[in-house]
Amino acid sequence: MTAHRKGIGNRLLAALPPADLALLTPHFQKVSFEPDAVLVRSGDELDPVYFPHSGAIAFMLDMPDGQTVATSLMGREGALASFSVLGPSPSSVTAIARTAGTASVISAAKFRAAHAQSAAIRNVVQVHARAVLLQLQHVAACNALHRVDGRMARWLLQLHDRVPEDLLPVTQEALAQLVGVRRTTVTLTMSKLREAGAIPSERRGFVEIHRSRLERIACDCYALMQRTIDRMYCQELAAPQPADARFRQSAIAASHGAGGEFKAVSRAGR
Ligand SMILES: [Zn+2]
């Protein structure tokens, strides 16, 4: 079981002691987002901060020639725009929901104030920052060294870690952007994965995966990256948690994730 596989409830919030969590909770707004919702656009200020409870968010870099490529993927293990604690700054990437999800949202100013007050909040932000850096470094190495089928299998597995079923809501166009290749290359690679039994079916906008077969095709980056990040989360986020951490995590899921009304994030065209 990896640090962020399945389940509901933000991992970073779940790691906070109640007194530290209480600095944030009164300022949270619950939101839901649909696939393709743009949560942050490149050039926008990093405000507000999103703590996803479910769903998958892709960070996309737009190149001057019109191409778009994904740099990383985030789910309930992360916090979108948490780096706003470093000071106001524009986002260098566009964050797009790849699957539907929910999040607790707080203004960057309120989050900065709580961050200044709480060593536990500073700790979760640091652990998360190191996990993001590690993912970016792996993706850079992977893009330079590994074959398209291994890379595509890695992205599909990373996406699968953040959705509750084997049917992934992902179009060929989205896959082309995730992997950073042309649509024709996606079509060719998908047929290779289908022949290997790793993609039992594919219909408009949905890809069914066979996880263990896909794991055999994915490059080493997937397992290596997940193992390192899991270890980091387990050692550095689990440490300050009391024995009832499990209970608290499900309580957070109930208060911020599973129940209550969510305000929908408007779906913005690109
Ligand atoms: Zn790789």
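Only one residue in ALA114, ALA109 is surrounded by fewer than 16 Cβ atoms within 10 Å (Cβ to Cβ) and of a type in the set (Gly, Ala, Ser), so which one is that?
ALA109
For SER54, indicate whether it is in a strand (DSSP E or B) and among the polar types (S, T, N, Q).
Criteria not met by SER54.
Starting from the stretch 217-231, take each residue that is touching a residue at least 24 places away in the same chain (Cβ under 8 Å) and within 15 Å of ALA140 (Cβ to Cβ) and list its partners that are within 9 Å of the ligand (Cβ to nearest atom) and not in a helix (DSSP H, G or I), counting only C-beta distances under 7 angstrom and pairs at least six apart or across chains.
CYS219/HIS146; CYS221/HIS146
Taking only pairs six or more apart or across chains, which ones have beta-carbon atoms under 8 Å, a first residue in the stretch 73-100 that is of a type in the set (Phe, Trp, Tyr), and a second residue that is assigned to a loop (DSSP other than H, G, I, E, B)?
Listed pairs, sorted by first residue: PHE83/LEU46; PHE83/SER89.
Which residues, counting only those in the stretch 1-11, are in contact with a Ser or Thr (Cβ under 8 Å, 6 or more places away or on another chain) and either modelled with pLDDT of 95 or more or not aliphatic (A, V, I, L, M) (or both)?
GLY9, ASN10
Return yes when ARG204 is out of contact with any strand residue (DSSP E or B) (no Cβ under 9 Å at 6 or more places or on another chain) and modelled with pLDDT under 90 and no when it is not.
It is true that ARG204 is out of contact with any strand residue (DSSP E or B) (no Cβ under 9 Å at 6 or more places or on another chain) and modelled with pLDDT under 90.
Hey, can you tell me all the residues within the stretch 146-178 that are more than 16 Å from the chain's Cα centre (by Cα), in contact (Cβ under 8 Å) with a residue 60 or more places away in the chain and surrounded by fewer than 23 Cβ atoms within 10 Å (Cβ to Cβ)?
Matches in the stretch 146-178: HIS146, ARG147, ASP149, GLY150.
With within 13 Å of the ligand (Cβ to nearest atom), in contact with a Phe, Trp or Tyr (Cβ under 6 Å, 6 or more places away or on another chain) and over 30 Å from PRO18 (Cα atoms) as the only criterion, which of ARG147, ARG154 stands out?
After ruling out the rest, the residue left standing is ARG154.
Of the residues ALA196, ALA176, which single one is under 25 Å from ALA140 (Cβ atoms) and at pLDDT 90 or above?
When all the criteria are applied, what remains is ALA176.
Can you work out which of the residues in the stretch 120-143 that are of a type in the set (S, T, N, Q) and within 16 Å of the ligand (Cβ to nearest atom) is nearest to ARG76 (Cα to Cα)?
Here the residue is GLN135.
Where residues in the stretch 64-91 are at pLDDT 90 or above, of a type outside the set (A, V, I, L, M) and in a loop (DSSP other than H, G, I, E, B), which of them is surrounded by the most Cβ atoms within 10 Å (Cβ to Cβ)?
Among them, the one singled out is ARG76.
The values are calculated or read from the model by the stated rules, or taken from the named source; none is laboratory data. Treat the numbers as computed from the prediction; the structure is a model and nothing was measured. Heads up, the Cβs are rebuilt from the backbone with ideal geometry, glycines too, and the neighbour counts pull from every protein chain shown.
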